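Below is one structure, written out as structure tokens, with a few remarks after it.
Quick note: the coordinates plus some simple rules give every number you see, no bench work behind them. Keep in mind that what you see is a predicted model, and the values were worked out from it rather than measured. Here the Cβ positions follow ideal geometry from the backbone for every residue, glycine too, while neighbour counts run over all protein chains shown.
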Amino acid sequence: MNMFGKSAKSNSGSTSSPAPSHHGDQKIRSAQIDTIIGKGTTIDGDLRFSGGLHVEGVIKGNLAADGDNATLILSEHGHIQGEVRVPSMVLNGAIDGDVFAGGKVELFEKARICGDVYYNLLEMAVGAEVNGKLVRQKPESGKFAPPPALSAPASDSE
């Protein structure tokens, strides 16, 4: 696999999945990837990105995407410890924190989320795990709604 994802198509002549257990890997290879956080890499702090982000390492902080076309791909060995705000994501790793996605969330068989998931569309494979609430939100011009705790507090005196 080329670090920049440019020669991935030239190395494989077939678009079919090599085996049913590699379905998530094929999806990861076919998505456009602008940034890779490799295995053995740990980022300690918040991270903002645009385009496609492929995480195989560890992020200890909140993750947010700029733009409506950004996609997070979290591989089987990837781990995020913090809040995630992205338009769409493909997950086969672990997230310890709430997830906010204005578009589609795809959870493959080794996906683990310890937190609430706010989504518009959800696809979940057998074996995926969510330890928290699943909250469907209607799309509002492609933006993701703020979490309930960050909304303006309602006044009880009115």
> What nm value, rounded to one decimal, do you get for the distance between LYS39 and LYS60 when each label is placed 7 Å out toward the C-beta?
Replying inline: 2.1
> Hey, what do the phi angles of region 102-108 turn into as Karplus ³J(HN,Hα) couplings, whole Hz, using 6.51/-1.76/1.60 and θ = phi - 60°, x for Gly and Pro?
Replying inline: x, x, 9, 10, 10, 10, 8
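Per-residue counts of other Cβ atoms within 10 Å, averaged by peptide: what ranking do you get for 113-121, 101-109, highest first? Kindly include the intermediate steps, with their values, before the conclusion.
Details: 113-121: 19.2, 101-109: 21.4.
Top of the packing list down: 101-109, 113-121.
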> How far apart, in nm, are the 7 Å Cα→Cβ label points at LYS133 and HIS77?
Replying inline: 3.6
